[in-house]
Amino acid sequence: MKAIVIGGGIGGACAAIALKRFGIETAVYEAVKEIKPVGAAISIWPNGVKCLNYLGMKDALRELGGNMRFMAYKEYQQGQTMTRFSMDPLIQSVGEQPYPVARAELQSMLLETYGRDQVQFGKRVTHVEESADSVTAWFDDGTSATGDLLIAADGTHSIIRQHVLGYATERRYAGYVNWNGLVEIDESIAPADQWTTFVGEGKRVSLMPVSGNRFYFFFDVPLPKGFPQDRTTVCDDLQGYFAGWAEPVQKLIRQINPETTNRVEIHDIEPFMQLVKGRIALLGDSGHSTTPDIGQGGCAAMEDAVVLANMLQTNSLGIEDALLRYQEKRAYRVKDLVLKARKRCDVTHGKEMAVTEQWYEDLKSETGERILSGMCETILGGPLE
Ligand code: FAD
């Protein structure tokens with residue numbers, strides 16, 4: 001059996017690693033010459049960590065992961081703590097800890113694990129064709145690749161999605177802009193072992209530790225789509241949006257490097273239940289594109305990879321049957337994650353300001369129990385116990 005994997009991001013790389021571990025021949029085709037992820041870092045929650053453990057990256061991941069033992073929300077003007085609690089109950093409940101990691105390092109770990117030299121870079125798929133017993137991907141350089149199945153891990157802008165669904169999907173703007181990057185840890189801004197989030201006015205400023213004495217930071221601001229802002233205006237933009245916010249936030253803005261700060265308009269795609277067609281499977285953002293509000297998009301791609309490989313490995317009724325079983329196992333799970341993230345997004349970013357204000361109030365009496373139990377439920381919905 002030979003699988004063609006389109007896209008060498010988190011989803012494609014994990015799928016290729018998973019299939020290779022089961023002895024399935026793979027070939028990975030990636031559009032760009034060098035992968036430059038859109039975000040600086042990513043939080044891998046225990047459901048994603050378990051998938052990477054399962055795929056043989058347990059020790060490598062621990063080298064990259066930040067030590068995130070506590071979680072705290074702070075009020076935006078004075079920086080007073082609204083709630084602070086240990087993440088240990090979560091870790092104890094689910095049996096693994098979360099690891100925030102720098103994206104470039106995660107990407108490197110995945111490609112090294114698979115074999116970077118086995119990825120064909122600069123191969124952009126333009127269309128795919130299926131026959132009764134094979135599938136062919138055509139690239140923009142006029143070449144093609146044929147296999148027994150094709151895994152479309154070509155991201156949120158997937159061109160293969162339309163072939164699978166039979167219609168075009170629209171990306172939905174979620175109503176806010178996210179700036180993110182990495183900065184050296186400064187404990188006068190936030191403790192080194194804590195996920196700290198300042199909230200107010202429907203905006204947020206968040207810091208998470210990653211390895212190498214660095215914080216992953218992000219700023220969210222509800223804004224119309226298409227504002228003419230870029231790296232040259234980052235500091236002025238953030239100073240304007242966060243005027244009057246507490247001193248640690250001002251300090252963070254002074255310390256960030258605009259050259260390496262990303263600005264992303266956040267989108268998702270209305271969930272759909274069809275993830276496969278014949279010998280083609282959508283995996284990762286091509287099959288379920290989510291806002292990052294529960295930090296599960298990449299974790300879900302890892303889950304997809306593990307489930308898909310298992311379905312192919314354990315099934316004897318053929319590829320098309322295995323892919324349908326993959327769809328059956330994944331469609332409800334990923335729909336749930338997209339909708340949960342959308343709900344969180346709206347509460348966090350002031351879609352209805354009264355609801356957001358109530359959330360701020362609720363945070364003041366939060367012991368950690370409600371927040372962690374919500375996280376546990378999401379995490380335990382993954383494929384690995
Ligand atoms: P991608 O990472 O987009 O990879 C797709 C790959 O396919 C790319 O390398 C691309 O070049 C290639 N490609 C595209 N088109 C073609 C083509 N035609 N031919 C060949 N190759 C092609 N998730 C989490 O789990 N935790 C988080 O904390 C988190 N934070 C996030 C923060 C932000 C600001 C954003 C935007 C997302 C966040 N996510 C997070 C989501 C996560 O980044 C995505 O879900 C994840 O990257 C999806 O991986 P993927 O492989 O499906 O897609």
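Here, each number is a calculation from the coordinates, and none is a lab measurement. Everything quoted here is computed from the prediction, not taken from an experiment. Cβ: placed from backbone, ideal geometry, glycine included. Neighbour counts: every protein chain shown.
Structure values in brief
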| read-out | value |
| --- | --- |
| Size of charge dipole - the chain - debye, nearest 20, with Cβ of Lys, Arg +1 and Asp, Glu -1, no other charges | 140 |
| Relative contact order (percent, whole number), the stretch 70-193, Cα cutoff 8 Å, 6+ residue spacing | 11 |
| Max mean-square fluctuation residue, GNM over the chain, Cα-Cα springs under 10 Å, options Gly39, Gly200, Gly166 | Gly166 |
| Stretch gain in nm, segment Glu34-Gln358, where the contour uses 0.36 nm per residue and the Cα spacing is subtracted | 112.2 nm |
| Dipole in debye (nearest 20) - the stretch 8-81, about Cα centre, beta carbon charges: Lys, Arg +1; Asp, Glu -1 | 160 |
| Kyte-Doolittle mean at least 1.6 and Cα axial length at least 27 Å: DSSP H helices in the chain | none |
| Under 15 Å from the Cα of Lys340 - aspartates and glutamates, other chains or at least 8 residues apart | Asp268, Glu270, Asp293, Glu377 |
| Most mobile of Asn67, Asn180, Asn213 in a GNM of the chain (Cα contacts under 10 Å) | Asn213 |
| About the Cα centre, charge dipole magnitude for the stretch 190-322 (Lys/Arg +1, Asp/Glu -1 at Cβ), debye | 280 |
| Computed E for Gln162/Arg69 - FRET, C-beta separation, R0 56 angstrom, nearest 0.05 | 0.80 |
| Leading residue at positive end of dipole, the chain (Cβ point charges), from Ile160, Leu380, Gly318 | Gly318 |
| Average Cα contact separation per residue, the stretch 62-101, under 8 Å, 6 or more apart, as relative contact order % | 46 |
| Length added when fully stretched, Lys58-Gln229, from 0.36 nm per residue minus Cα-Cα | 57.6 nm |
| Whole-angstrom Cα spans of the chain along principal axes, big to small | 65, 45, 38 |
| Residue-averaged [θ]222 nm for the chain, counting only DSSP H segments that reach four residues, each worth -39500 (n - 2.57) | -11500 deg cm²/dmol |
| Pair-distance profile P(r), taking every C-alpha pair of the stretch 21-76, with 10 angstrom steps and integer % | 15, 32, 38, 10, 4, 0 |
| Computed E for Glu328/Ser373 - FRET, C-beta separation, R0 25 angstrom, nearest 0.05 | 0.35 |
| Dipole of the stretch 102-145, positive end: most advanced residue of Ala104, Ser144, Gly122 [Cβ charges, Cα centre] | Ala104 |
| The stretch 166-172 - phi-based ³J(HN,Hα) in whole Hz, Karplus 6.51/-1.76/1.60, Gly and Pro as x | x, 8, 8, 9, 9, 7, 9 |
| Relative contact order [Cα under 8 Å, 6+ residues apart], the chain, whole percent | 23 |
| Extended-chain gain in nm, criterion 0.36 nm per residue less alpha-carbon gap, Ser188 and Ser93 | 31.0 nm |
